[in-house]
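Undergrad: My questions all concern the structure below.
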Amino acid sequence: MREASEEILFARRRLDEIENLEIVGDLKWDENESSWYLLVSIHVNEPNEKTIPDDSMWYIVFSANYPKGNVNVYPAVEGGIKNTFNHQNNNGIISKCGLWRSGKLCLNNPLEHVANIDNEPVTFEDRLYWNALRAVQWVNAVANGNLIRKNDYYEVPDFIRKKIHAVIYDEDEVSIMEWEDSEETYGFVDFSCGGNNQYYANTFLSLAEKICKSTKWGDYVNEKKEKIYGAWIIMDKEPVVNGWQAPNIFQELKIALSTQNIDIKNILEKIMPRFRDGKRHILMIGFPIPKKIGEERTLIHWESLLLPVLTYGKKTAKGFRCNEQGQSRKDFQEIITNKMELEWLITENWNSKEILSRGRFKRSLLRKKILLVGAGTLGAYIGEHLVRGGAYRLSIMDDDIYTIGNSARHILTIKSVGKHKASELAEHYNSISPTIAIKAITKELTEETASVMEEYDVILDCTANNEVLKVLESHQMQSEKKYFSVSFGYMAEVLYFAYQTGKSFKLDQYIDKFSGMLKQDEKRVISSNLPWEGTGCWSPVFPAMASDVQLVASFATGIIKSVLENEVQEDRHYMYKKEFDEDGVIKGFVRI
């Protein structure tokens with residue numbers, strides 16, 4: 001028999017201090033779950049509207065290596081709650097041991113991991129006590145109607161996902177208007193099949209092939225040639241049963257939809273004839289959601305499930321002809337039964353606003369059309385920072401070929417050796433977001449090719465090439481442009497940053513501002529023993545590690561962001577130099 005440690009016994013005794021909690025069954029070990037568990041009763045301390053019993057039974061389950069591992073609180077099968085509430089996992093399934101249900105309580109503060117707010121304790125004295133006390137507070141919040149409040153962030157019900165397939169869609173506050181204008185409530189959807197079991201929803205069609213809503217994906221998705229068909233149903237609110245529980249079996253789904261006057265059996269009978277091909281197909285179920293509790297519903301949220309293989313070929317229900325009626329009868333008798341478990345899929349909104357919620361540039365930058373001249377290390381890093389911040393109207397101009405020597409600093413890898421840097425970078429950037437279409441121009445910027453710049457708002461030079469600056473000076477644009485020239489000095493210890501506006505680049509101004517420091521860099525280069533590229537190759541390599549260039553690129557991107565977002569009009573010329581402490585550790589960049 002497994003013995004509880006002294007730490008666990010101490011933690012259990014602390015629970016006696018909690019008001020409205022009573023230990024009903026002492027510590028036990030469960031072999032199936034490989035966990036300790038306690039049965040407790042939680043009492044509601046004030047009269048309530050009977051949303052939850054005055055006294056309910058709960059299991060506190062924790063790992064053998066407590067205080068490490070998980071500490072979870074579940075409703076007991078006997079005497080516990082059957083409904084699901086907000087801030088609780090789906091409560092519709094009974095655990096393997098048969099003692100508790102699957103509706104684990106969500107007791108942590110959502111800000112815990114980003115701001116260290118109200119953290120769960122880690123010590124054996126406090127961790128079990130903290131979770132039990134939170135469970136008491138949760139139960140009383142349900143009883144008093146305070147579990148969710150107006151202006152709390154909305155959370156969708158917990159759909160138990162059993163498949164790793166990912167269904168990707170694109171919805172925002174604008175696309176919901178397309179759905180509001182459409183009178184259709186179900187139909188077909190075509191998917192582009194990507195790698196990693198990803199399925200991108202492209203066009204939502206009615207049964208009569210009328211377009212209800214379509215998505216314009218970027219190049220990464222558009223390159224996926226394989227297409228499959230699925231189906232969709234849209235409704236007015238969440239499909240839930242037993243309070244806030246997402247359906248787990250087909251009967252629960254029928255009930256959830258029937259409360260909104262939707263007959264899913266009737267809809268499937270109209271959709272299924274197209275899916276009699278011996279394959280499984282995706283059914284998307286959508287409903288509008290708000291950003292916060294009490295606010296207007298402004299976004300369509302989708303959940304998806306994988307339909308079973310339907311009757312096909314010459315198979316039919318017993319006593320029926322081999323036609324659609326007979327095959328449909330067989331489906332609902334033997335395949336799509338009330339007890340059929342629903343196989344919910346990972347379903348995610350890959351709208352650019354959702355993807356970039358961790359960090360996004362302002363619209364004043366995003367709407368700019370940018371030409372990045374130079375696909376070297378510095379340009380590659382700055383370009384990636386811009387793309388990850390949401391810049392999607394970006395083209396890369398460079399005729400250079402990627403070599404293995406570039407791999408010491410460059411973003412690209414050995415797979416790109418022998419290929420154009422610009423093309424490989426565009427492919428890399430497009431794989432960052434599904435909604436962008438970064439273009440490559442595999443030409444050098446010269447007088448003959450300079451006209452390509454006319455269609456861009458921003459010219460971003462990262463070549464450190466005087467000939468390029470001369471082209472920017474000599475080519476007169478038809479309209480004013482925003483010019484950036486970014487480069488670094490010896491060992492990437494100095495950043496040269498120029499910003500100008502006008503119909504051409506003012507090279508004399510650039511030289512006037514930077515010539516002094518450039519000459520110092522030149523002397524350091526001449527006096528240094530530069531590395532040479534390749535055995536017997538008389539081609540010097542500019543010394544700087546990848547981490548140095550990344551630091552310069554990050555700093556430069558921050559300045560570009562500030563200038564474009566603030567719509568700065570006057571010319572700016574900055575030099576920044578690395579500053580080190582007495583131990584030789586970098587402190588940052590200082591403007592000089």
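Undergrad: Among (1) free of Cβ contacts under 8 Å to residues at least 60 places away in the same chain; (2) charged (D, E, K, R); (3) on the phi < 0 side of the Ramachandran plot; (4) outside any helix (DSSP H, G or I), which single condition is Glu209 missing?
TA: The single condition Glu209 does not satisfy is (3).
Undergrad: Which one is surrounded by the fewest Cβ atoms within 10 Å (Cβ to Cβ) among residues in segment 528-564 that are within 24 Å of Ile586 (Cα to Cα) and modelled with pLDDT under 70?
TA: Ranking the candidates gives Asn529 first.
Undergrad: Another one. Mind listing whichever residues of segment 467-499 are under 15 Å from Asp521 (Cα atoms) and part of a helix (DSSP H, G or I)?
TA: If the condition is that a residue be under 15 Å from Asp521 (Cα atoms) and part of a helix (DSSP H, G or I), then Tyr490, Met491, Ala492 are the ones that fit.
Undergrad: Assess whether Asp331 counts as being in contact with a Gly (Cβ under 8 Å, 6 or more places away or on another chain), of a type in the set (Asp, Glu) and either free of Cβ contacts under 8 Å to residues at least 24 places away in the same chain or surrounded by 13 or more Cβ atoms within 10 Å (Cβ to Cβ) (or both).
TA: Answer is no for this residue.
Undergrad: Which ranges mark the strands (runs of 3 or more DSSP E) fully within segment 1-85 that have 2 or more residues being modelled with pLDDT of 95 or more, assigned by TED's automatic domain parsing to the domain that holds Val139 and farther than 14 Å from Lys104 by Cβ?
TA: Where strands (runs of 3 or more DSSP E) fall fully within segment 1-85 and carry at least 2 residues being modelled with pLDDT of 95 or more, assigned by TED's automatic domain parsing to the domain that holds Val139 and farther than 14 Å from Lys104 by Cβ, they are 21-30, 35-43, 55-63.
Undergrad: For Glu303, are the conditions met, namely being acidic (Asp, Glu) and modelled with pLDDT of 95 or more?
TA: Considered against the rule, which asks whether it is acidic (Asp, Glu) and modelled with pLDDT of 95 or more, Glu303 comes out as yes.
Undergrad: Which one is farthest from the chain's Cα centre (by Cα) among residues in segment 166-182 that are surrounded by fewer than 18 Cβ atoms within 10 Å (Cβ to Cβ) and under 27 Å from Phe250 (Cβ atoms)?
TA: Only one residue fits best here, namely Ser182.
Undergrad: I would also like to ask the following. Suppose we filter Ser352, Ser364 for residues that are within 30 Å of Val156 (Cα to Cα) and not aliphatic (A, V, I, L, M); which single one remains?
TA: Exactly one of Ser352, Ser364 is within 30 Å of Val156 (Cα to Cα) and not aliphatic (A, V, I, L, M), namely Ser352.
Undergrad: Among Tyr153, Tyr186, which is outside the structural domain of Ser41 (by TED's automatic domain parsing) and surrounded by 16 or more Cβ atoms within 10 Å (Cβ to Cβ)?
TA: The match here is Tyr186.
Undergrad: With the checklist (1) free of Cβ contacts under 8 Å to residues at least 60 places away in the same chain; (2) touching a strand residue (DSSP E or B) at 6+ places or on another chain (Cβ under 6 Å) in hand, flag the one item Phe191 doesn't pass.
TA: Of everything listed in (1) free of Cβ contacts under 8 Å to residues at least 60 places away in the same chain; (2) touching a strand residue (DSSP E or B) at 6+ places or on another chain (Cβ under 6 Å), Phe191 misses just condition (1).
Undergrad: Residues in segment 411-423 that are without any contact (Cβ under 8 Å) to a residue 40 or more places away in the chain and either within 28 Å of the chain's Cα centre (by Cα) or not assigned by TED's automatic domain parsing to the domain that holds Ala375 (or both): how many?
TA: Within segment 411-423, residues that are without any contact (Cβ under 8 Å) to a residue 40 or more places away in the chain and either within 28 Å of the chain's Cα centre (by Cα) or not assigned by TED's automatic domain parsing to the domain that holds Ala375 (or both) number 7.
Undergrad: Any idea how many residues of segment 45-67 are surrounded by 19 or more Cβ atoms within 10 Å (Cβ to Cβ) and within 19 Å of Gly103 (Cα to Cα)?
TA: Matching residues across segment 45-67 total 8.
Undergrad: Just checking, does segment 315-332 include any residue being closer than 29 Å to Asp172 by Cα and of a type in the set (A, V, I, L, M, F, W, C)?
TA: no
Undergrad: Which numbered condition trips up Ser431, out of (1) surrounded by fewer than 21 Cβ atoms within 10 Å (Cβ to Cβ); (2) over 24 Å from Ile355 (Cβ atoms); (3) not hydrophobic (A, V, I, L, M, F, W, C)?
TA: (2)
Undergrad: To continue, here is another question. Going by what's in this entry, would Glu424 be described as assigned to a helix (DSSP H, G or I), surrounded by 23 or more Cβ atoms within 10 Å (Cβ to Cβ), at pLDDT 95 or above and out of contact with any strand residue (DSSP E or B) (no Cβ under 7 Å at 6 or more places or on another chain)?
TA: So Glu424 passes the test.
Undergrad: With the structure loaded, tell me whether Glu444 is modelled with pLDDT of 95 or more, within 23 Å of Val468 (Cα to Cα) and in a loop (DSSP other than H, G, I, E, B) or whether it fails that test.
TA: Considered against the rule, which asks whether it is modelled with pLDDT of 95 or more, within 23 Å of Val468 (Cα to Cα) and in a loop (DSSP other than H, G, I, E, B), Glu444 comes out as yes.
Results for (1) at pLDDT below 95; (2) under 28 Å from Ser431 (Cβ atoms); (3) part of a loop (DSSP other than H, G, I, E, B), shown as yes or no for each residue.
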position	(1), (2), (3)
Glu173	yes, yes, yes
Glu178	yes, yes, no
Phe188	no, no, no
Asn196	yes, yes, yes
Thr203	no, yes, no
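Undergrad: A follow-up question, please. How many residues does segment 95-130 hold that are of a type outside the set (Asp, Glu), in contact with a Phe, Trp or Tyr (Cβ under 9 Å, 6 or more places away or on another chain) and either in a helix (DSSP H, G or I) or at pLDDT 75 or above (or both)?
TA: 15
Undergrad: Can you give me the ranges of the strands (runs of 3 or more DSSP E) entirely in segment 329-402 with at least 3 residues that are aliphatic (A, V, I, L, M) and either under 30 Å from Met272 (Cα atoms) or assigned by TED's automatic domain parsing to the domain that holds Lys419 (or both)?
TA: Once the strands (runs of 3 or more DSSP E) in segment 329-402 are filtered for at least 3 residues that are aliphatic (A, V, I, L, M) and either under 30 Å from Met272 (Cα atoms) or assigned by TED's automatic domain parsing to the domain that holds Lys419 (or both), what remains is 370-373, 394-397.
Undergrad: Quick one: is Tyr169 touching an Asp or Glu at 6+ places or on another chain (Cβ under 9 Å) and either touching a residue at least 60 places away in the same chain (Cβ under 8 Å) or more than 21 Å from Phe287 (Cα to Cα) (or both)?
TA: In short, yes.
The values are calculated or read from the model by the stated rules, or taken from the named source; none is laboratory data. Predicted model only: the values in this text are computed from it and were never measured. Here Cβ is always computed from backbone atoms with ideal geometry, including for glycine, and neighbour counts include all displayed protein chains.
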